[in-house]
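I have placed the structure first, in the form of structure tokens, so that the comments after it can refer back to it.
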Amino acid sequence: MEPSAAERARTAVSVSRVGTLHTYGRASCGGAAPVRTTLVSVHDLGDGGVQVSLRYGSQAAVDLFRRPLATLTVAAAGHPATILAGGSRRLPGRDPEGRLRFRVDPVSIKLGGSPLPVALSDYRAAQPDPLAPLSDELVRHVRQTHADALLACVRSQLDPWALFVEPVSLDRFGLRVSVVTEDGVTDARLAFPGSVTALSELPAGLRVLLTCPRTCGS
């Protein structure tokens with residue numbers, strides 16, 4: 001199984017810390033409003049909304065006060081670029097660095113590379129993947145400590161002609177990998193026996209691959 005598009009979008013938002021914000025300036029002479037692009041800090045608000053932080057007096061903040069519309073793109077490593085477009089509003093108070101806080105409530109959601117939008121009702125109902133906070137650390141662990149075991153596993157379960165394997169990301173359904181052969185690169189998944197919410201639910205062999213130091217079985 002694979003996470004749904006809505007789950008992938010919610011997960012990407014939950015793990016992202018920076019994003020690209022597009023705001024819309026004042027139109028001149030009846031023309032289209034200019035689009036401005038700003039790199040912003042982002043924070044998942046837990047209900048589908050996203051907080052963005054902007055310096056007081058910045059052009060992006062001025063734009064949002066004048067025209068509370070925004071398009072936000074987040075692209076955390078190992079996750080698809082997720083594009084959220086909708087209205088915005090100022091939140092009370094400031095962030096720990098003294099910046100203004102704005103909330104973006106998306107009404108349009110798309111995953112990069114997909115021509116179809118994510119249904120808003122599905123996005124709001126979805127939950128971030130429970131293993132997402134562990135993904136980067138565990139992928140790094142597998143890459144640095146168990147590359148040989150991962151290659152043997154992929155050769156046994158997916159492709160006997162694999163030359164090497166690069167772990168990409170982890171979710172509740174399995175470990176996504178890039179498999180390199182003489183013919184090229186293929187994206188694949190080492191699937192768990194079922195959906196999990198914690199590593200403790202995995203069979204012992206998989207837990208060893210994901211968490212055990214190289215010397216733990218010696």
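The values are calculated or read from the model by the stated rules, or taken from the named source; none is laboratory data. Everything quoted here is computed from the prediction, not taken from an experiment. Cβ: placed from backbone, ideal geometry, glycine included. Neighbour counts: every protein chain shown. Remember, those area values only see protein heavy atoms, side chains included, never the ligands or the DNA or RNA. Shrake-Rupley method; radii C 1.70, N 1.55, O 1.52, S 1.80 Å.
Key figures for this structure:
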{"item": "Search result, residues across region 14-46 that are open to solvent by less than 80 Å² (accessible area, probe 1.4 Å), under 25 Å from Q127 (Cα atoms) and in contact (Cβ under 8 Å) with a residue 12 or more places away in the chain", "result": "S14, V15, S16, G19, T20, L21, V40, S41, V42, D44, L45"}
{"item": "A132 over 28 Å from A5 (Cα atoms) and open to solvent by less than 60 Å² (accessible area, probe 1.4 Å)", "result": "no"}
{"item": "Given (1) on the phi > 0 side of the Ramachandran plot; (2) crowded, with 18+ Cβ neighbours inside 10 Å, number of the condition L150 does not satisfy", "result": "(1)"}
{"item": "Enumeration of residues in region 149-191 that are basic (K, R) and either in contact (Cβ under 8 Å) with a residue 12 or more places away in the chain or touching a Gly at 6+ places or on another chain (Cβ under 9 Å) (or both)", "result": "R172, R176, R189"}
{"item": "Any hit, region 165-175, residues being of a type in the set (V, I, T) and surrounded by fewer than 19 Cβ atoms within 10 Å (Cβ to Cβ)", "result": "yes"}
{"item": "From R189, R155, R207, residue being in contact with a Lys or Arg (Cβ under 8 Å, 6 or more places away or on another chain) and open to solvent by 20 Å² or more (accessible area, probe 1.4 Å)", "result": "R189"}
{"item": "Residue within region 72-81 that is more than 26 Å from P167 (Cα to Cα) and either at pLDDT 95 or above or touching a strand residue (DSSP E or B) at 6+ places or on another chain (Cβ under 9 Å) (or both) present", "result": "yes"}
{"item": "Test for T11: is it crowded, with 19+ Cβ neighbours inside 10 Å and within 29 Å of R176 (Cα to Cα)", "result": "yes"}
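For (1) of a type in the set (D, E, K, R); (2) crowded, with 18+ Cβ neighbours inside 10 Å; (3) in a strand (DSSP E or B), each residue gets a yes or a no:
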| residue | (1), (2), (3) |
| --- | --- |
| G57 | no, no, no |
| D63 | yes, yes, no |
| L72 | no, yes, yes |
| A76 | no, yes, no |
| H79 | no, yes, no |
| I83 | no, yes, yes |
| R90 | yes, no, yes |
| G93 | no, no, yes |
